[in-house]
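The values are calculated or read from the model by the stated rules, or taken from the named source; none is laboratory data. Every value quoted in this text rests on a predicted model; they were computed, and no experiment measured them. Positions of Cβ are backbone-derived with ideal geometry, glycine not excepted, and every protein chain shown enters the neighbour counts. Surface areas here come from the heavy atoms of the whole protein model, side chains and all, with no ligands, DNA or RNA. Shrake-Rupley method; radii C 1.70, N 1.55, O 1.52, S 1.80 Å.
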Amino acid sequence: MPQPFDLAWLTPAQQRAWRLMLIVMSQLQSDLNRQLQADSPLSFQDFDVLVHLQESPDRRLRLGELAASLGWERSRASHHVARMERRALVRRERVSDDGRGAWVVATPEGLEVLHASAQEHVLLVRTLLYDGLDERDVDDFARVLTKIAHNLGCTPKVMWHMDPGNDDEPHTAQEQRP
């Protein structure tokens with residue numbers, strides 16, 4: 001039976017991929033969050049913040065840089081950082097040359113909790129995302145995600161654990177959208 005908007009709708013293959021992506025996005029974040037909260041005092045978002053800070057020089061980022069690297073609105077990042085500050089996972093420091101600016105800094109306690117929770121988190125990521133995939137599948141997955149990130153307006157920025165000599169690899173992190 002013809003559906004309204006047949007001409008503008010997704011193809012059957014696109015629809016299948018879209019619906020699978022929605023399921024994966026929802027379930028993956030839920031499972032990762034559940035595991036982190038069961039094994040540590042961190043939420044998935046706390047873990048993400050601490051990873052970004054750990055990978056930054058001096059374990060610090062300006063609030064706007066942190067928000068951009070997470071793909072969050074600045075106000076969301078500010079509220080989340082405030083909650084993490086109350087738990088001594090991060091602290092804010094004034095930017096010496098900018099009276100309005102603030103650094104978000106990972107505390108030793110925050111890094112300790114991050115490191116303590118990382119092993120179980122990584123094991124779950126491997127299980128949920130990579131079990132059953134060979135290296136070619138992983139490369140294809142990364143290639144497709146890189147194209148999607150570009151479609152979303154994410155501009156590459158130097159990042160973690162990737163080979164910077166291979167332009168086909170997603171060796172970059174999200175920067176602020178234009």
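Determine if region 25-44 includes at least one residue that is free of Cβ contacts under 8 Å to residues at least 60 places away in the same chain, under 18 Å from His115 (Cβ atoms) and of a type in the set (Asp, Glu).
Within region 25-44, the first condition is being free of Cβ contacts under 8 Å to residues at least 60 places away in the same chain, and the residues that meet it are 25-27, 29-30, 33-34, 37-38, 43-44.
With the extra rule that they be under 18 Å from His115 (Cβ atoms), the set shrinks to 37-38, 43-44.
From what is left, the residues that are of a type in the set (Asp, Glu) are none.
Checking region 25-44: not a single residue is free of Cβ contacts under 8 Å to residues at least 60 places away in the same chain, under 18 Å from His115 (Cβ atoms) and of a type in the set (Asp, Glu).
Flag not set for Arg94, criterion: open to solvent by 90 Å² or more (accessible area, probe 1.4 Å), in contact with a Leu (Cβ under 7 Å, 6 or more places away or on another chain) and more than 20 Å from Val122 (Cα to Cα).
Among the residues making up region 87-131, those that are without any contact (Cβ under 8 Å) to a residue 40 or more places away in the chain, under 18 Å from Leu36 (Cα atoms) and either of a type in the set (S, T, N, Q) or assigned to a strand (DSSP E or B) (or both) are Gln119, Thr127.
Can you name the helices (runs of 4 or more DSSP H) wholly within region 4-86 that have at least 3 residues being in contact with an Asp or Glu (Cβ under 7 Å, 6 or more places away or on another chain) and open to solvent by less than 80 Å² (accessible area, probe 1.4 Å)?
Ranges flagged: 63-70.
The numbered conditions (1) at pLDDT below 95; (2) open to solvent by less than 40 Å² (accessible area, probe 1.4 Å); (3) in contact with a Ser or Thr (Cβ under 7 Å, 6 or more places away or on another chain) are all true for Leu89 except (1). Taking region 132-153 only, how many residues are open to solvent by 60 Å² or more (accessible area, probe 1.4 Å) and in a loop (DSSP other than H, G, I, E, B)? Residues meeting the conditions: 4. Just one of (1) out of contact with any strand residue (DSSP E or B) (no Cβ under 6 Å at 6 or more places or on another chain); (2) surrounded by 13 or more Cβ atoms within 10 Å (Cβ to Cβ); (3) farther than 13 Å from Leu42 by Cβ fails for Ala116. It is (3).
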